[in-house]
Amino acid sequence: MSTRQNTLNMKNSLSSMNTFGGATPAAGSARPSRPCANCTCSPGLLSRQNRRSSLFLRQVSSSRKRPVFKSSVTSSGSGESIYSSDMICQVKNVNTSERLLHLRRKMNEKDLCCYIVPSEDEHQSEYVSQADQRRSFISGFTGSAGVACITRDLLNFNKDKPEGKSILSTDGRYFNQAAQELDFNWTLLRQGEDKMTWPEWCVCEAKEMSLALGGKEARIGIDPKLMSYDQVIRFQKLIKDKTDGSKAKVSLVPVVENLIDAIWSRFEPLPIRDANDLLLLSSHFTGETFKEKRERLMKYLNEKTPGCSTFCIAALDEISWLLNLRGSDIEYNPVFYAYLLVHNDETILFTDDPYDDKIKDYFKDNNVTVKAYEDVWSYLSSTATKIKSSSDVMAISSGSSWEIVRSLGSTPYKQIQSPLELLKAVKNDVEISNARAAQVKDAVCLVQYFAWLEEQLTSKEALIDEYRAACKLVEIRKTQKNFMGNSFETISSTGPNAAIIHYAPPEENSAMIDPSRIYLCDSGSQFLEGTTDITRTLHFTKPSDEEVRNYTLVLKGNLALERLVIPQGTSGYNIDVIARQFLWQHGLDYRHGTGHGVGSYLNVHEGPIGIGFRPHLGNFALEKGNIITNEPGFYKDGEYGIRIENDMLVQKAEGLKFGEHEFLQFENITLVPYCRKLIDRKLLTHEEKAQINSYYKRIWHTVVPFIQPQSISYKWLKRETAPL
């Protein structure tokens, strides 16, 4: 996540999407500009913004009370609510014309007809540092998932003013946001809804240009560090399929010099990657030593890839987990920039992050050699040469970058599903115990926060904006021992902003929380004990019948998934429908996955498991020891959003066995009550009511010992956990 820049900051809190899939250009996808600091604002929006500021100052200076529950609170008969989100400057409109012009000039130097700008960094990370937010820089779209593709018209021979098209492909979580953030230069391709994928779009554009120039080669370029080799293979196959039988010549070429980095400093200071101190975790938090983990890794490699003596690891969370180290190079994710090579009894860590004498001794005791981060490429090449002259085999993860494969040259290697991704997804007893402790801590914080927010908005009739509320939640969390920070940017959203699935409030001009509308809070913590991800949707006054019905339908889906018992071998792809069934009965749905894995003081999104409609999830069965989220939702654009998210532990279902097949069940380890005002008891079955009441009893007995008696938090918790 980048430093907050008065933009919509979005988090990828739901199931990770494969950005190789895509969409065709959507008609009318360009958006009008939004008012913001340092951008062009329309007079109408500016006047509304100024009126809101006047209202805020008047509220602060006024000593008399006035009702704030009604949306008719106005100034001088203006007829507009002080809470109205459409008055707020929410999006920074970046005019990308000059950026695209300079990029196309660079494309001309490299003889490219198309250039691809992914969201990921060279480790294929979901969250990236400021220095790796290239797609955001060139497009203005700040969501965490998506691909930008820019063409240079080969028929335009004006080298100073090259022209072309530019598209942004993203998934359903970001349709709303992208439509607001993209300027007139861009067309939105909606993954899953439009027919053409972004690779197809690139190939078709290149093919047309090649044919128009009599079969001249049309080159599509990308930084080879930023694209996985798996994607390269699929892309090259697509080129072959699309050009076979024609005179067109299209190729995908590596461009080692990143063209976005080459132009970035013309417009903004070029961000520099952080290299922060490393943190060594004790066995009280890991439950397993590095040597034990390494032994399991090598055993797996020997069994699955005989003859493999070297394994190259690029995923940052896998490196952190294996070494029992944590970092802070990427906001919200306790990881550090590194590559790791495991070779026989030797472990080579490539990182520039500093570390203390304790870690230095730790490395020595565990035979870990540390080299400079950039040395990995020369070391890979030299290692590959040695392996080539022997009978050994190099193993790389299936998500490894094209550049890693290029560094190996013609050396034999095997691309495998990373054993570390599979191993760390199954928590040991210590990690599970710590995860429960982290949930108790976060539950105490959220109870205190929701009680405070309700009192401020209703009893004290205060004006609290979304950003200030999110800051208050961080203040409360800081009182807990071993709190290391948020696990993602808090989604604190009122009314229509809650319909933006991955909205997070800007620091300036954030919307006031309207107590007469739905408030959605999706937040998480990083404790040394573990990582949390919890969403609650609240209403502080009187919700509409529609809001109550739809909230209850979402809740029913959440409860049904939690009750589910499944045979071993079942994947999250097979059970996604369970959470959607009640919404579907009313013709409703949501455009995101239903669950994702959660790390142990690691990334809030942890593969490879997930619950969702993406077919690749069918390849990974849920296992005992997994921690996975349960987060169905519903979003009505321009009005409200609903999401209910719990973290669940996958457990063995004792006493159940069919033949040789045992069964699994879920335990909801989150300890925060649902919103009573939004539950229609008439829509709940006896079983669902009993499930909620049992859950509330567990919450009360677990959380109340940490709440001060007679406090507003105590009263709020007692009221909200009363039996239905």
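The values are calculated or read from the model by the stated rules, or taken from the named source; none is laboratory data. These figures come from a predicted structure and were not determined experimentally. Because the Cβ atoms are built from the backbone with ideal geometry, glycine has one as well, and the counts that use them run over all protein chains shown.
Structural remarks
- Of all residues in segment 555-589, those being acidic (D, E) and crowded, with 16+ Cβ neighbours inside 10 Å number 2.
- Residue count for segment 599-655, restricted to those that are aromatic (F, W, Y) and either more than 23 Å from Q417 (Cα to Cα) or assigned to a strand (DSSP E or B) (or both): 3
- Here is the figure for segment 478-495: residues that are more than 21 Å from the chain's Cα centre (by Cα) and either at positive phi or not polar (S, T, N, Q) (or both) total 4.
- When residues in segment 282-320 are screened for being surrounded by 16 or more Cβ atoms within 10 Å (Cβ to Cβ) and among the basic types (K, R), 2 of them pass.
- Residue within segment 686-706 that is surrounded by fewer than 16 Cβ atoms within 10 Å (Cβ to Cβ), assigned by TED's automatic domain parsing to the domain that holds L602, out of contact with any strand residue (DSSP E or B) (no Cβ under 6 Å at 6 or more places or on another chain) and part of a loop (DSSP other than H, G, I, E, B) present: no
- The combined condition, being among the aromatic types (F, W, Y), surrounded by 23 or more Cβ atoms within 10 Å (Cβ to Cβ) and in contact with a helix residue (DSSP H, G or I) (Cβ under 9 Å, 6 or more places away or on another chain), is not fulfilled by W198.
- Scanning segment 657-671 for residues being in a strand (DSSP E or B) and of a type in the set (D, E) gives a total of 2.
- Residues that are touching a Ser or Thr at 6+ places or on another chain (Cβ under 6 Å) and among the hydrophobic types (A, V, I, L, M, F, W, C), drawn from segment 194-233: M196, W198, A218
- Out of I534, I476, sole residue that is more than 30 Å from H661 (Cβ to Cβ) and surrounded by fewer than 22 Cβ atoms within 10 Å (Cβ to Cβ): I476
- Residue list for segment 213-263, restricted to those being part of a loop (DSSP other than H, G, I, E, B), surrounded by fewer than 19 Cβ atoms within 10 Å (Cβ to Cβ) and either small (G, A, S) or not assigned by TED's automatic domain parsing to the domain that holds V128 (or both): G214, G215, G245, S246
- Filter result for E455 (assigned by TED's automatic domain parsing to the domain that holds I699, surrounded by 19 or more Cβ atoms within 10 Å (Cβ to Cβ), of a type in the set (D, E) and farther than 27 Å from G143 by Cα): no
- Some residue of segment 284-296 being in the same structural domain as P419 (by TED's automatic domain parsing) and under 26 Å from M227 (Cα atoms): no
- Residue count for segment 444-495 satisfying the condition of being among the aromatic types (F, W, Y), part of a loop (DSSP other than H, G, I, E, B) and touching an Asp or Glu at 6+ places or on another chain (Cβ under 7 Å): 0.
- Residue in segment 578-592 that is part of a strand (DSSP E or B), of a type outside the set (F, W, Y) and closer than 30 Å to D230 by Cα present: no
- Filter pass, A504 being within 18 Å of the chain's Cα centre (by Cα) and either surrounded by fewer than 24 Cβ atoms within 10 Å (Cβ to Cβ) or touching a residue at least 60 places away in the same chain (Cβ under 8 Å) (or both): yes
- If the condition is being part of a loop (DSSP other than H, G, I, E, B) and not small (G, A, S), then segment 283-309 contributes E288, T289, T305, P306.
- Evaluating G143 against the criteria (1) crowded, with 22+ Cβ neighbours inside 10 Å; (2) touching a Lys or Arg at 6+ places or on another chain (Cβ under 9 Å); (3) modelled with pLDDT of 95 or more leaves one unmet condition, (3).
- Residue within segment 187-195 that is touching a helix residue (DSSP H, G or I) at 6+ places or on another chain (Cβ under 9 Å), within 23 Å of D153 (Cα to Cα) and surrounded by fewer than 23 Cβ atoms within 10 Å (Cβ to Cβ) present: no
- Of the residues making up segment 329-345, those that are over 23 Å from R273 (Cβ atoms) and part of a loop (DSSP other than H, G, I, E, B) are N344, D345.
- For segment 608-629, the condition of being over 30 Å from K718 (Cβ atoms), among the aromatic types (F, W, Y) and assigned by TED's automatic domain parsing to the domain that holds E562 holds for at least one residue.
- Restricting L349, L380, L408 to those that are within 27 Å of G599 (Cα to Cα) and hydrophobic (A, V, I, L, M, F, W, C) reduces the list to L349.
- Residues (in contact with a helix residue (DSSP H, G or I) (Cβ under 6 Å, 6 or more places away or on another chain) and either at pLDDT below 95 or not aliphatic (A, V, I, L, M) (or both)) located in segment 640-651: Y640, G641
- L323 at pLDDT below 95, aliphatic (A, V, I, L, M), buried (at least 20 other Cβ atoms within 10 Å of the Cβ) and in contact with a Phe, Trp or Tyr (Cβ under 7 Å, 6 or more places away or on another chain): no
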